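The values are calculated or read from the model by the stated rules, or taken from the named source; none is laboratory data. Please read these numbers as outputs of a predicted model, since none were measured by experiment. Backbone-built Cβ (ideal geometry, glycine too); neighbour counts: all protein chains shown.
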Amino acid sequence: MSEPTIALVTGANKGIGYEIAAGLGALGWSVGVGARDDQRRESAVEKLRAAGVDAFGVPLDVTDDASATAAARLIEEQAGRLDVLVNNAGITGGMPQEPTQVDPATIRTVVETNVIGVIRVTNAMMPLLRRSASPRIVNMSSSVGSLTRQSGTAGEQTTGPVAVAYAPSKTFLNAVTLQYARELSGTNILINAGCPGFVATDLNGFRGVRTPEQGAAIAIKLATLPDDGPTGKFFEDAGVVPW
């Protein structure tokens, strides 16, 4: 029997992250549930295992260097490599976020998780990803990070509320994704950004119109790309999202 594909999903104890872990686990993969809250993480692992998923807990605070290093060490001990990393953990920073009123500390906090956290975890996992035959990195972004959609005048070209911390953090993440793709060009590592759509989660007070399972679909698609698949792109279920 071939060895199972090994994946790590950050922020996987609830919402979209949990459904990504469940979806990858349904493929027969071994899935690391990355989360900083011990109780919620272990509850998620137990629930996934009850559903037949080969899940294991990975204590992980994406804002902490030592935590990311320890998580990589745990996965190395558990599996010896990492095939797929899904950077899903993220925060909004709270609303409202009008540019003229925002506390700069809010922006720092959001960027620390949504952007620097992705870089921190990705770099910690990179040695393990390089050991994989078909490594994939999926950065969970949002269409609110699309400058095209944010700047459009037509109703269908605008997206989300004015949010000077959250929306630009996703634009920043998209740009970071491109930089990784440029550096990793010519390797077998594919890295892409994915938008889950407006999903009902506690991130938005459950105002979304899509289910977490629907939101997870794009991550699962990007995590399972063939070796000749795209890299350095931004996708949603309907296709490519304009930058």
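Restricting to the range 42-73, name every residue that is in contact (Cβ under 8 Å) with a residue 40 or more places away in the chain and aliphatic (A, V, I, L, M).
The answer is VAL58, LEU60, VAL62, ALA68, ALA71, ALA72.
Select from the range 5-17 the residues that are over 13 Å from VAL84 (Cα atoms) and crowded, with 24+ Cβ neighbours inside 10 Å and list them in ascending order.
Within the range 5-17, the first condition is being over 13 Å from VAL84 (Cα atoms), and the residues that meet it are 11-17.
Of everything in the range 5-17, those that are over 13 Å from VAL84 (Cα atoms) and crowded, with 24+ Cβ neighbours inside 10 Å turn out to be GLY11, ALA12, ASN13, ILE16, GLY17.
Looking at the range 231-242, which of its residues are assigned to a loop (DSSP other than H, G, I, E, B) and surrounded by 15 or more Cβ atoms within 10 Å (Cβ to Cβ)? Show your work before the answer.
First, the residues of the range 231-242 that are assigned to a loop (DSSP other than H, G, I, E, B): 231-233, 237-238, 241-242.
Across the range 231-242, the qualifying residues are THR231, GLY232, LYS233, VAL241.
Being at pLDDT 95 or above, farther than 21 Å from ALA26 by Cβ and β-branched (Val, Ile, Thr) is the filter here, so list the residues in the range 175-221 that pass it.
Scanning the range 175-221 gives VAL176, THR177, THR187, ILE189, ILE191.
Considering only the range 1-89, give the helices (runs of 4 or more DSSP H) lying wholly within it that have at least 3 residues that are under 17 Å from PRO127 (Cβ atoms).
Those helices (runs of 4 or more DSSP H) span 65-78.
Kindly indicate whether any position in the range 92-105 is within 22 Å of SER185 (Cα to Cα) and either assigned to a loop (DSSP other than H, G, I, E, B) or out of contact with any Gly (no Cβ under 7 Å at 6 or more places or on another chain) (or both).
So far as the range 92-105 goes, no, none of its residues is within 22 Å of SER185 (Cα to Cα) and either assigned to a loop (DSSP other than H, G, I, E, B) or out of contact with any Gly (no Cβ under 7 Å at 6 or more places or on another chain) (or both).
Would you mention how many residues in the range 89-106 are farther than 21 Å from ALA193 by Cα and touching a residue at least 12 places away in the same chain (Cβ under 8 Å)? Outline the logic, then answer.
Step one: filter the range 89-106 for residues farther than 21 Å from ALA193 by Cα, giving 94-106.
After this cut, where a residue has to be touching a residue at least 12 places away in the same chain (Cβ under 8 Å) as well, the list is 94-99, 102, 106.
Here the count works out to 8.
What tally of residues in the range 116-129 results from selecting those that are surrounded by 21 or more Cβ atoms within 10 Å (Cβ to Cβ), touching a Ser or Thr at 6+ places or on another chain (Cβ under 9 Å) and not basic (Lys, Arg)?
Residues that pass the stated criteria total 5.
When you scan the range 68-77, do you find a residue that is in contact with a Pro (Cβ under 8 Å, 6 or more places away or on another chain), farther than 22 Å from GLY194 by Cβ, surrounded by fewer than 20 Cβ atoms within 10 Å (Cβ to Cβ) and among the aliphatic types (A, V, I, L, M), even just one?
yes
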